[in-house]
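Report on one structure; see the data block that follows.
The values are calculated or read from the model by the stated rules, or taken from the named source; none is laboratory data. For clarity, every value in this text was computed on a predicted model and none was experimentally measured. Cβ placement follows ideal geometry from the backbone for every residue including glycine, while neighbour counts extend to all protein chains displayed. What goes into the accessible areas is simple: the full protein's heavy atoms, side chains included, and nothing from ligands, DNA or RNA. Shrake-Rupley method; radii C 1.70, N 1.55, O 1.52, S 1.80 Å.
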Amino acid sequence: MSGRLTTHVLDTAAGRPAAGVPIELARVDGDRREVLRTLATNADGRTDAPLLADGELHTGTYELTFAVGEHFGGEGFLDRVPVRFTIADAAAHYHVPLLVSPWSYSTYRGS
């Protein structure tokens, strides 16, 4: 079984999923940052498919950049939220949710 990477975004100020949030996924190696894909969240605050799956997930450092400023109409404090994390087991499921309001955010490794 190959691993996969998933995410979702929850708007904690509104108490609902954050639809239409642009997300950039990059692989980071030292000073080198390679953008792997860009996409946006659906009505459920998730992506329609895993960010990486079917042998695409490898050990190493990755970064998700969430463009939340657009979601909040430019009225909040936050614009882009980068979340850098390490994949240690390419066969595992890594879920990286973002809980965000116009003024703060938190994240964790979900299941």
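Please report, as a whole percent, how much of the solvent-accessible surface of region 29-111 comes from carbon and sulfur atoms (probe radius 1.4 Å).
48
Quick one: among Val35, Val96, Val83, which has the greatest mean-square fluctuation in a GNM of the chain with alpha-carbon springs under 10 angstrom?
Among Val35, Val96, Val83, the largest mean-square fluctuation in the Gaussian network model of the chain belongs to Val35.
Around Ala26, under 12 Å between beta carbons, what's the net of Lys plus Arg minus Asp minus Glu among the other residues?
Numbers: positive: Arg27, Arg32, Arg33, Arg37, Arg84; negative: Glu24, Asp29, Glu34, Glu63.
Neighbour charge sum, excluding Ala26 itself: +1.
Label point 7 Å out from Ala13 along Cα-to-Cβ: which residues of region 83-106 have amide N under 16 Å?
Backbone N within reach: 99-106.
Given H placed 1.01 Å from N in the peptide plane, which residues other than close sequence neighbours of Leu10 have an amide H under 5 Å from its amide H?
Ala18, Leu98, Leu99, Val100
What is the extension gain from Arg33 to Glu70, computed as 0.36 nm multiplied by their sequence separation minus the C-alpha to C-alpha distance, in nm to one decimal?
11.0 nm is the gain from fully extending Arg33 to Glu70.
May I ask for the distance between the Cα centers of region 2-69 and region 70-111, given as a whole number of Å?
One Cα centre to the other: 8 Å.
Leu36's amide H: which non-local residues (gap 5+, or another chain) put their own amide H closer than 5 Å, with H modeled 1.01 Å from N in plane and none for Pro or chain starts?
Leu25, Ala26, Arg27
Helix-only estimate, please: 222 nm mean residue ellipticity of the chain, summing -39500 (n - 2.57) across DSSP H runs of length 4 or more and dividing by its residues, to the nearest 500. Please report the intermediate quantities before stating the final value.
On the way: 1 runs with 4 residues, N = 111.
Taken over the chain, the calculation gives -500 deg cm²/dmol.
Rounded to the nearest 5, what % of DSSP beta bridges with both residues in the chain are antiparallel? Spell out each step's value before the answer.
Numbers: 29 of 37 bridges.
If I count the DSSP bridges inside the chain, around 80 percent turn out antiparallel.
So what is the relative contact order of region 12-63, in percent, for Cα pairs below 8 Å that sit 6 or more residues apart?
Worked out over region 12-63, it gives 39 percent.
What do you reckon, how do His93, His58, His8 stack up by accessible area (1.4 Å probe), largest on top? Spell out each step's value before the answer.
Numbers: His93 50, His58 95, His8 20 Å².
These residues rank, largest area first, as His58, His93, His8.
Take Asp48 and Phe85, extend 7 Å from each Cα along the Cα→Cβ direction, and tell me the distance between the two endpoints in nm.
2.3
As a test question: what accessible area, to the nearest 10 Å², does Arg80 have when a 1.4 Å probe is rolled over all protein chains in place?
The value for Arg80 is about 140 Å².
What is the dipole size for the chain, taken about its Cα centre, with +1 at each Lys and Arg Cβ and -1 at each Asp and Glu Cβ, in debye to the nearest 20? Could the numbers behind the result be given before it?
Details: 10 positive and 14 negative charges, 36 e Å.
That gives a dipole near 180 debye.
Kirkwood Rh and Cα-based Rg: tell me the resulting Rg over Rh for region 24-90, rounded to two decimals. Before the final figure, lay out each step's value.
Details: Rg = 13.3 Å, Rh = 13.3 Å.
Looking at region 24-90, the ratio lands at 1.01.
Which whole-number percent is the relative contact order of the chain (Cα, under 8 Å, 6+ apart)?
Working: 268 pairs, mean separation 36.7, N = 111.
33 percent.
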